[in-house]
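Here the structure is laid out as structure tokens; the discussion comes afterwards.
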Amino acid sequence: MEDELRCPTCKQLFANPVLLPCFHALCLGCALDIQTTYTPAAALAAANSASVGHVSNGNINGGCLIHSHPLHGGTAATHGNSITTTATVHSHAAVAPPSHPPSTRHSSNSSAASTASSATGSESVTSDQDQADKVSILSEADSGVVCCSNTSRPVSYAGTAQLQGLLQGAAAAPPGAAFYLTCPLCRKLVFFDEGGVRNLPAYRTMESIVDRFCAREALRCQMCETDPKVASIVCEQCEIRYCDACRELCHPARGPLAKHNLVKPRNAASQRESVCGEHGDTLSMYCFVCKMPACPQCIAEKQHPGHEVQSISVTCKAQKTELSHNLQQLSEKARSTTEFIQRLKGMSDKVTESCMEFERLVTAQCEALIQAIHDRREYLLEAIRMDKDTKIRILKDQQSNCTGKLQQTTGLIQFCIEALKETDSAAFLQVGSMLINRVANTDMTWHQEVTNAAPRVSPIVDLTLDDAALVRAIDNLNFMQMKAVKDGEERLPAAPLAPTIVPEDCSAENNSVTVAWQAPAHSIVDGYVLELDDGSGGEFREVYCGKETICTVDGLHFNSMYNARVKAFNNAGEGEYSELIGLQTAEVAWFTFDPILSGGAGSGLVFSNNNATVSVEGWEHRVALGSVGFSRGIHYWEFTVDKYTMDTDPAFGVARIDVNRNKMLGKDEKSFAMYIDGQRSWFQHNSVHERRVEGGITTGSTIGVLLDLERHTLSFLVNEMPQGSVAFRDLYGVFYPAVSINRGVTLTLHTAMEAPKMDYF
């Protein structure tokens, strides 16, 4: 509450508070400090300053003229669309002369509240006898000014012309304006006659509250350095409170200080009763039209004709009751807010405690992971040591065997040398054949067991530590979102958040799309569900369910925009969908030969022209496959015969991915083909050829292949003319464009072509 009791100008407790027409308060001394002598230029600057940022609810911050002429009542008058209310307000009777400097400084500190009412010889601005003037003020709901005459019944003028002129640069003000001030809170302008701010009514309620507040605070000595004692005296000139000890020390009654007036601090507000400034009677009635109190004599003199009046005590009680009711409601809200603040404080403590516990848990888990790494390291090092011991043992065994073999061979050689020294022929011939066989056999086994022998183990460790998955797992080590549970309940993972589509890794090629996404952060994910619409903005359907974060979907429609979305799931349920990504398939299929699918480098096929042209070196047929497979739609491609010799039979058609690549196309059940020579052609599947059609090919001929997977048929064209009727029907699955050629044929593939209209089926 103390903030409500402090002046907005001096920031101290109110001393002699006065009430402005805007219902803000100032110390009388502060009001004297900030009031300014009216001049058109100064008022213009103040009005322009007040108008910036203070226009609200359609009302311009207006000014009002405060007069010191005695008024006998109040009236409400209307002018245009503005309403001005005149109210009777008490002000100082002894108006300061015009020569009184309006800028007299006001010294204020924390003792101002206690010294203001205790000064016996000072000028009092709150005495009931001094409240003889009445002023006319502008209602806050209006945006005009009030001009009052010198008659006992003021003529009120409501309007904004003068104020608007002031805001627009005119040096106009209400008649009789001598001083003005700007409210430091709302920036409204208040004009005064020659009486200045002393015409403002005393804010008695504020003064009483300040008195009671000061009495409760037990005003203390301002000179005690530590543990201030209760003040026993106040110096009106110094405006400082002293205890007995400090008064003797700091304010002795001698020298210039002897002339200072020392008074007792006040402890409570004095009881005062408001009286009529004109008649001196007690204000016992209240006029609801003029919104001002009145005495019985004012009512008897009919200063409020036809106005609704009521006993001032009843009115006061009613307003106090209403204020109490509103305060009760506001107190309930304040109490709820206080409880909420306490909850927030409790939650802050709980957050700190929870985070500390979580830090401890994470530290323990990381320590456990580090220990697991250490244990695994010891296991792997032990495996390396065991492998080393095994290899050394094997090498020693091999070395021992070789050493034994060498010793046997060396003994045999020495024995044979000694046998060769035998001079008795008969004796030598007795063992000669046997030694020859032994040496031959030993030489043979030596060649097999020793000369061509290799170490049974490699001296190089042909192993490596597969840590890529672990490093990736450590990089991805993160927190996961848990379900919000009550105390005592088991904590379970929450449903995962939405995955994030990675546009730079998504693509569309021919009639397939590739969608890539990132796992949601802080979530446990058991798998993902990828959904695509029908390419025309229709309903979504599931096309993939698994743990991978990239998926390629084949067999889509060409020239279609597919929207894709993905969601994650775990035991707690499914998460939200990711944002959509649109992928446009190709208008028509374009492709080339695929050297890898065609068997690789050992196939004998020679590809050139960016894999659009193919030939072969050997006489055996070799199958070349296209780079894309078809499962839906209508597709057409052509081959140009760049080179052709009459003794070869190239075959054209389609095949499955596992076709036999070392046979003519159509020789197995995985391929469907038309093979053709210079005069005629046949359709062939699973080594069964049928329906011979006249008409062959030469160098420069074109062969077209029409695969219609909507009708599941395969047809052929030669030089843009149909080669027979539909060659094959009931084709289901995925088929790759294919040809088989041998030496003497070179073909060039042409794709992304519009399918011809066939008028027979």
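Values as computed for the structure displayed
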item: Trypsin sites (Lys or Arg not before Pro) restricted to DSSP loop in the stretch 433-476 with at most 11 other C-beta within 10 Å; result: ARG456
item: Charge dipole (debye, nearest 20) of the stretch 500-584; +1 at Cβ of Lys and Arg, -1 at Cβ of Asp and Glu; result: 80 debye
item: Given charges at Cβ of Lys, Arg, Asp, Glu: the stretch 326-483 dipole, positive-most of GLN398, CYS416, ASN476; result: ASN476
item: Ranked by how many other beta carbons lie within 10 Å on average, peptides 518-529, 321-332 from highest; result: 518-529, 321-332
item: Amide H partners (placed H, <5 Å) of THR613, local residues excluded; result: SER608, LEU749
item: Inter-centroid distance (Cα atoms) of the stretch 545-587 relative to the stretch 622-659, Å; result: 32 Å
item: The stretch 642-761 shape via C-alpha gyration tensor axes, a/c threshold 1.5; result: rounded
item: For the stretch 500-584: relative contact order, % (alpha-carbon pairs under 8 angstrom, 6 or more apart); result: 31 percent
item: Unit charges on C-beta of K, R, D, E only; dipole of the stretch 271-368, Debye; result: 200 debye
item: Dipole in debye (nearest 20) - the stretch 600-750, about Cα centre, beta carbon charges: Lys, Arg +1; Asp, Glu -1; result: 220 debye
item: When each of LYS643/LYS757; LYS291/LYS320; LYS547/LYS670; LYS291/LYS317; LYS547/LYS567 is checked by Cα-Cα distance, pairs over 22 Å; result: LYS643/LYS757; LYS547/LYS670
item: Whole-Å distance, taken between Cα centres, linking the stretch 385-441 and the stretch 719-743; result: 71 Å
item: Under 13 Å from the Cα of LYS11 - aspartates and glutamates, other chains or at least 8 residues apart; result: GLU2, ASP3
item: Among 305-318, 352-365, the order from most to least packed when residues are scored by Cβ within 10 Å on average; result: 305-318, 352-365
item: Label-point separation in nm, HIS260 to CYS545, each point 7 Å along Cα→Cβ; result: 9.2 nm
item: Long-range HN-HN contacts of ALA231 with modeled amide H, under 5 Å; result: ARG220, CYS221
item: 3J(HN,Hα) from dihedral phi, the stretch 640-651, Karplus parametrisation 6.51/-1.76/1.60, rounded to Hz, x for glycine, proline; result: 9, 7, 7, 8, 8, 10, 5, 9, 10, 10, x, 10
item: Listed residue (MET664, GLN679, LEU749) projecting farthest to the positive dipole end of the stretch 600-750, Cβ model; result: MET664
item: Tensor-based shape of the stretch 172-238 (alpha-carbon gyration tensor, a/c under 1.5 rounded, otherwise prolate or oblate); result: prolate
item: Between the stretch 296-315 and the stretch 180-247, the Cα center-to-center distance that results, in Å; result: 35 Å
item: Gyration tensor (alpha-carbon) shape descriptor, the stretch 559-620, a/c threshold 1.5; result: oblate
item: Highest to lowest packing among 422-430, 626-634, 735-743, scored as the average C-beta count within 10 Å; result: 735-743, 626-634, 422-430
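No value in this document is a laboratory result; all are computed from the given coordinates. As the structure is a prediction and not an experimental result, all values here were calculated from the model. Neighbour counts run over all protein chains shown; Cβ positions are idealised from the backbone, glycine included.
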